[in-house]
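Written below as structure tokens is the structure these notes are about.
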Amino acid sequence: MSNLFELALVCREADVEIVSDALMEVDALAVSVEDADADTDAEQALFGEPGMPAPKAGWERSVVKALFPTEPEATEAATLILAQDWATDVHVQSVQAVPDQDWVRLTQSQFAPVEITPEFWIVPSWHDAPPAAMRVMRLDPGLAFGTGTHPTTRMCLRWIATRNKAWTRVLDYGCGSGILAIGAALHGATNIDAVDIDPAAVTSSHDNATANRVTLNVGQPDLARGEYPLVIANILATPLKLLAPLLCTHVAAGGSLILAGILSRQADELKAAYAPWLTLEVSDEEEGWILMTAQRTQPSETRSWSSTIRKTVPQAVQRVAKLMTPGAAPS
């Protein structure tokens, strides 16, 4: 008798990501997406490069499937999701027991090495590195933190790799798995501070740094001190806007600020939020996400920023902490 149960929800392509995220929030063991019209005349073919995500999150009619330990947990998850305001076009297809499988092998088969550049790859521990890879980051998929498959992470890593610069100090704000900090270290950066408000992220970053034999200073955001030639933050647009004064004051003269987790339509909002301190530009775009960068050119800017920063940074940090705390409502 199976000890796992599968919940299948049918939704539009536009809702695939939010449905998938919601299922993970209610403790699904795994989530997958399939074409609801597979094996029919309405079936859609989605093509992408080997080892890379498909160009779309799902199909026009998608089935999002999630595994749960028990049938009551699967049923409760369905009830919680269908109660959300955004779930008007979501409905339950089935809740059913699934046969036992070698879940480790099945999961591993779904994660291939990820190419950042022809020379720089992210490779799960159970895969061999491609022959062309000159730099390899070993990173296994987890439940909560990045492994290089998302466009925002790839764009940040590609920016780092193509500069190939040995920064003497780096700040990765909102480090998650530590993937960006590790990427910088693999390209010669030193004195890297990787900070996150989530204790699980701090642990994950530390473990991944150890696995890749690089040294990171990992901790809570108050670990960040002074100015850095490179400041990176791959979070989301709302916390990035709130953090504008804090992140800008950490950028050293001649240094770079790299922001990701931003949708293309949010570019003007971010430019406006950072305009008092830095001029942001769109440097890369992939699958509807953008990478925004800025350079601080004048050391004298520190004096002109100081009074504003003293007033705004404490409030910004408090608001971001509240925003990013599970179950907290944005203020």
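Annotations
- LEU230 falls short on exactly one of the conditions (1) at pLDDT 95 or above; (2) at positive phi, and that condition is (2).
- Members of region 197-218 that are surrounded by fewer than 23 Cβ atoms within 10 Å (Cβ to Cβ) and more than 18 Å from the chain's Cα centre (by Cα): THR210, ALA211, ASN212, ARG213, VAL214, THR215, ASN217
- Test result for ALA321, under 25 Å from the mean Cα position of the chain (by Cα), outside any strand (DSSP E or B), among the aliphatic types (A, V, I, L, M) and at pLDDT below 55: yes
Residue by residue, here is whether (1) among the basic types (Lys, Arg); (2) touching a residue at least 40 places away in the same chain (Cβ under 8 Å) holds:
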| site | (1), (2) |
| --- | --- |
| THR168 | no, yes |
| ALA185 | no, no |
| ILE197 | no, yes |
| ARG213 | yes, no |
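- Residues satisfying the stated conditions in region 244-274, i.e. farther than 23 Å from ARG158 by Cβ and touching a helix residue (DSSP H, G or I) at 6+ places or on another chain (Cβ under 9 Å): ALA244, PRO245, LEU246, CYS248, THR249, ALA253, GLU269, ALA272, ALA273
- All strands (runs of 3 or more DSSP E) inside region 5-102 with 2 or more residues being charged (D, E, K, R) and either modelled with pLDDT of 85 or more or out of contact with any Pro (no Cβ under 8 Å at 6 or more places or on another chain) (or both): 30-35, 61-68
- Single unsatisfied condition, GLN266 versus (1) without any contact (Cβ under 8 Å) to a residue 24 or more places away in the chain; (2) more than 21 Å from ILE160 (Cβ to Cβ): (1)
- Entry remark, region 165-205: residues being under 15 Å from MET137 (Cβ atoms) and either assigned to a helix (DSSP H, G or I) or not aliphatic (A, V, I, L, M) (or both) number 17 in total.
The values are calculated or read from the model by the stated rules, or taken from the named source; none is laboratory data. Bear in mind the structure is a predicted one, so any value in this text is a computation, not a measurement. Note that each Cβ is placed from the backbone with ideal geometry, even for glycine, and that neighbours are counted across all protein chains shown.
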